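Following: one structure in structure tokens, then a few remarks.
Only the coordinates and a few stated rules stand behind these numbers; no lab work does. The structure displayed is predicted, hence computed values, not measured ones. Glycine also receives a Cβ, built like all others from the backbone with ideal geometry; neighbour counts cover every protein chain displayed.
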Amino acid sequence: MPYDIKGKIALVTGAATGIGLAYVKELLRNGVKAVTIADIDATKGEDSAKRLNHEFGGNKVIFIRTDVTKADQLEAAFKTALNTWKGLDIVINNAGIMNDANWELQIAVNCNHVVRGSLLAIQYMGKNNGGKGGVVVNIASILGLQELAGCPIYVGTKHFVVGLDRSFGTPFFYNLTGIQFLTMCPGVTDTPLISEAGKFALQGMGNIAKELVEGLGSMPEQHNRSMSSSPVECKVALITGGAIGIGLAIAKSVLRCGARGVMLGDIKEKEGQKAVCELSKEYGENKVCFMKSDVTKKADNEKLFKVAMDKFKSIDIVVNNAGLLHDKDWELEIDVNMKGLVHGTLLGFQHMGKHKNGEGGVIINIASVYGLQQAHGCPVYNGSKYFVIGFSKAMSHKYYEELTGVKVLTMCPGVTETQLIEDAASTALEGFGDVGKILKDGLDALPAQP
């Protein structure tokens, strides 16, 4: 049954200009009772509200200056909307930026804001919280469905939105909250986005700005390429999250295949030291080094690579394996699964890339089977693994490989640790009934990693 928007009340982020403003106009044109515009640009936002009220009559639109990366400001926008209109039915999380040069801000706007906006919508509209349900529309992009070499981190953020909504859009969440989650993946809508795109490309990657501008203009079709794996004999590998589990298994595998050195980084110091003893006993002394490292900290990441270079004089393989399943602490989850992985990837290019006087190499980014399908009970984790796939596919483009001599591969393992399943319920989002059981049952149903 189509959703009737007549008489409904909407909140739209990033709606002072562009596609967000177009959404507001279309809503009003089709009978929405009132709209709250939340945007960081006060001048344009106030002007847009004034013009819309003149065009559509009455006081149907209010503007609230909102930095969507600030939790208190975004919640204040919701509260103001509710206090003004005495209700809320539609939320469009539209605010977004394309700026790989400032990629941490980009993740905060494009990902954290969408999660927080979705959770606030559930808090204030969800039937499980005394509301009457409604609709949440999260704006992704055509680049949430395909890759583009010129803006790999932006691509990852839009894949994140698609993955997040695949989970939030499951019957469990709809039946609990009465909120329908929709995802829109528009093509290029703002010509300044294309003309100014070169300013916001990744730094230190040759003529990547030109690649970005041309790519946005042509929107190339998706291409899948198969690549033969490089032998690891006499190579040096750096592995994050390498103290236990799949990271430790990868360390054993590369040593078994003749690697001359392995650098393990992990926040678990005791387990890391134990791994060094175990691996040294089995594969020989001085082949394995461990450093306590928190992938959410830029300084720790940089030091890990420096220690590896000082110890082994080179790095040939980087495995960004550190990961976290913990939607209850979703901001940390994004920091580990996305920001930590981006840091590791960029440092891999910096230390191995031929454009930086390196000899090339391989970067392996660990995603998950949940990067390929909807996750039951962990929408933010789901989104984070979609991010890994989108980002890594963009970074595997021939442009980067030809410039740097570095291949980027992605692995999507199934469930590898039984403890992950046992602990799953305690890590699920709070306030969603029995979502912990849904998560545990979903993990139980996944194919196990041999």
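Rank the residues 48, 253, 392, 314 as a footprinting-exposure proxy: fewest other Cβ atoms within 10 Å of their Cβ go first. It would help to have the intermediate numbers written out before the result.
On the way: 48 22, 253 12, 392 27, 314 15.
Exposure proxy ranking, most exposed first: 253, 314, 48, 392.
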Item checked: Highest-fluctuation residue, 405, 18, 414 considered, GNM on the chain with Cα pairs under 10 Å -> 18
Item checked: Top positive-direction residue, dipole computed over segment 235-347 with Cβ charges, set 241, 283, 264 -> 283
Check: Lys/Arg Cβ at +1, Asp/Glu Cβ at -1, dipole of segment 9-218 taken about the Cα centre: which of 131, 19, 118 is farthest positive-ward?
Finding: 131
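Using the crude model of +1 on Lys and Arg Cβ and -1 on Asp and Glu Cβ, and no other charge, please compute the dipole size for the chain relative to its Cα centre, in debye to 20. The partial results should precede the final answer.
Values: 47 positive and 47 negative charges, 52 e Å.
With Lys and Arg at +1 and Asp and Glu at -1, about 260 debye.
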Notebook entry, point to check: Which lysines, on any chain, are close to residue 303 with Cα under 17 Å apart, when same-chain ones fewer than 8 places away are left out?
Noted result: 268, 292, 311, 313, 339
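Take the cross-link list 44/297; 70/398; 235/298; 50/132; 44/393; 50/328 and give me the ones stretching past 32 Å between alpha-carbons.
44/297; 70/398; 44/393; 50/328
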Check: Highest GNM mean-square fluctuation, the chain, Cα pairs closer than 10 Å: which of 152, 413, 231?
Finding: 231
Next item on the list: With mean projected area of the Cα convex hull in nm² in mind, check [x] 21.4; [y] 33.2; [z] 38.0 and report the label derived from this structure.
Entry: [x]
Check: Quick one: 289, 257, 378, 185, fewest Cβ neighbours within 10 Å first, how do they rank?
Finding: 257, 185, 289, 378
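Using unit Cβ charges (K, R positive; D, E negative) and no other charged atoms, how large, in debye to the nearest 20, is the dipole of segment 37-149 about its Cα centre? Intermediate values should be presented prior to the final figure.
Numbers: 11 positive and 12 negative charges, 121 e Å.
Using only the charged Cβ atoms, the result is roughly 580 debye.
Quick one: 46, 430, 282, fewest Cβ neighbours within 10 Å first, how do they rank?
Listed from fewest to most nearby Cβ atoms, that is 430, 282, 46.
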